[in-house]
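Below: one structure, written as structure tokens.
The values are calculated or read from the model by the stated rules, or taken from the named source; none is laboratory data. All of these numbers come straight from a predicted model, not from anything done at the bench. Methodologically, a virtual Cβ is constructed for each residue, glycine included, from the backbone with ideal geometry; neighbour enumeration extends over all protein chains shown.
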Amino acid sequence: MSDNTLLEVKNLKMYFPVTKGLLRKTVANVQAVDDVTFSISKGETLGLVGESGCGKTTVGRCILRLYRPTAGRVIFEGQDISLWPKDKIRPLRRKIQLIFQDPYSSLNPRQSAGDIVGEPLTVHKLVKNNREYRERLGELFRMVGLDPGMQDRVPHEFSGGQRQRIGIARALASNPSFIVCDEPVSALDVSIQAQVINLLQELQEELKLTYLFVAHDLSVVRHISDRVAVMYLGRIVEITDWETLYENPLHPYTKALLSAVPIPDPSLEEKREQIILRGDVPSPMNPPHGCYFHPRCRLATPECSRVKPPLRQIADNHAVACIRV
């Protein structure tokens, strides 16, 4: 682990037991995350993309220690936090924060906007008196582009974009160094998405923040990420910088994802190859043998059903999990 590495995830697994009967006997496991490894440097944004149910959000929640991982290590600032007891986790939450996906359900409808943003200040005892509290609240509101005079309003008096800004201000209140952005713009209109993405980039530069940006929209990830990791059925299948991913994708699944991103030029859109994946995503309770993607892959060979490909480095800053590459 280098001095510049803020977070390192090693062989992370998160299985959820499926129980049956009065004795709640475990009959199967949902393999939500299966052997995920990556690292994030200070000040970097790693985009984590994949279709719904592939385990992206679960990775973020394991890092936040909302889930205790089944196996593997989560090393933050040089310390393995994956096995920390609950009494040590609260101080950790000051440094690692979360921006939720849904700005409508993530804010308490009975609290004012000021109370929502100010709660971390009181929980972590970050202010000494009421004057400091009010000053810090005003600073946080201005930081995310909101009028401090709106502090006494309740969430239903704000638009979706404004609510997400309140969520961002709440995440910033404890002065974190690392933020998990769990699809923070997927519930917003396209025009508002761009504003929120620009805000996150400005805040990152100003406050020296590090992001794990979870998304299913590759066009959104392109604008904010330094590197992108592509997940399929709980495993990372490709990880590289965003320019290489868009110009030279190597994994068949990454190529299929990129072929689904619309291009605004009709002539280019008409010429490019559309990759239609056959079948459905297998169940994480019973994943296929060998490569998890082989039942839907047009390049699959008999060997693909027997060999589980490791994520291997094939060039500087480019790793792929495919035996055909």
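Brief remarks on what is shown
- Among the residues of the stretch 313-325, those that are part of a strand (DSSP E or B) and under 16 Å from TYR232 (Cα atoms) comprise ALA319, VAL320.
- Residue that is nearest to the chain's Cα centre (by Cα) [pool: residues in the stretch 90-100 that are assigned to a strand (DSSP E or B) and more than 24 Å from ASP34 (Cβ to Cβ)]: ILE99
- Considered as a group, the residues in the stretch 23-61 that are among the aliphatic types (A, V, I, L, M) and not in a strand (DSSP E or B) include one that is farthest from ARG93 (Cα to Cα), and that residue is LEU23.
- Number of residues in the stretch 1-33 that are more than 29 Å from GLY43 (Cβ to Cβ) and without any contact (Cβ under 8 Å) to a residue 24 or more places away in the chain equals 11.
- Residue check: LYS20 meets all listed conditions (1) over 21 Å from LEU92 (Cα atoms); (2) buried (at least 22 other Cβ atoms within 10 Å of the Cβ); (3) not hydrophobic (A, V, I, L, M, F, W, C) but one, namely (2).
- The listed residue being within 30 Å of VAL144 (Cα to Cα), hydrophobic (A, V, I, L, M, F, W, C) and without any contact (Cβ under 8 Å) to a residue 40 or more places away in the chain, out of VAL214, VAL220, VAL261: VAL220
- Taking first residues from the stretch 143-158 that are surrounded by fewer than 16 Cβ atoms within 10 Å (Cβ to Cβ) and partners that are of a type in the set (Ser, Thr, Tyr) and in a loop (DSSP other than H, G, I, E, B), the Cβ contacts under 6 Å between residues at least 6 apart in sequence or on separate chains come to ASP152/SER112; VAL154/SER112.
- Scanning the stretch 62-89 for residues that are part of a helix (DSSP H, G or I), in contact (Cβ under 8 Å) with a residue 12 or more places away in the chain and not aliphatic (A, V, I, L, M) turns up just one, CYS62.
- SER105, sole failed condition from (1) part of a loop (DSSP other than H, G, I, E, B); (2) surrounded by fewer than 21 Cβ atoms within 10 Å (Cβ to Cβ); (3) in contact with a helix residue (DSSP H, G or I) (Cβ under 9 Å, 6 or more places away or on another chain): (3)
- Count of residues meeting criterion [farther than 12 Å from GLY234 by Cβ, surrounded by fewer than 21 Cβ atoms within 10 Å (Cβ to Cβ) and either modelled with pLDDT of 95 or more or in contact with a strand residue (DSSP E or B) (Cβ under 7 Å, 6 or more places away or on another chain) (or both)] in the stretch 58-71: 3
- Within the set SER186, SER177, the sole residue that is among the polar types (S, T, N, Q) and under 14 Å from the mean Cα position of the chain (by Cα) turns out to be SER186.
- Residue match in the stretch 19-34 (condition: of a type in the set (Gly, Ala, Ser) and under 27 Å from GLY290 (Cα atoms)): yes
- For the stretch 210-219, the criterion of being of a type in the set (Val, Ile, Thr), over 26 Å from PRO69 (Cα atoms) and touching a helix residue (DSSP H, G or I) at 6+ places or on another chain (Cβ under 6 Å) is satisfied by no residue at all.
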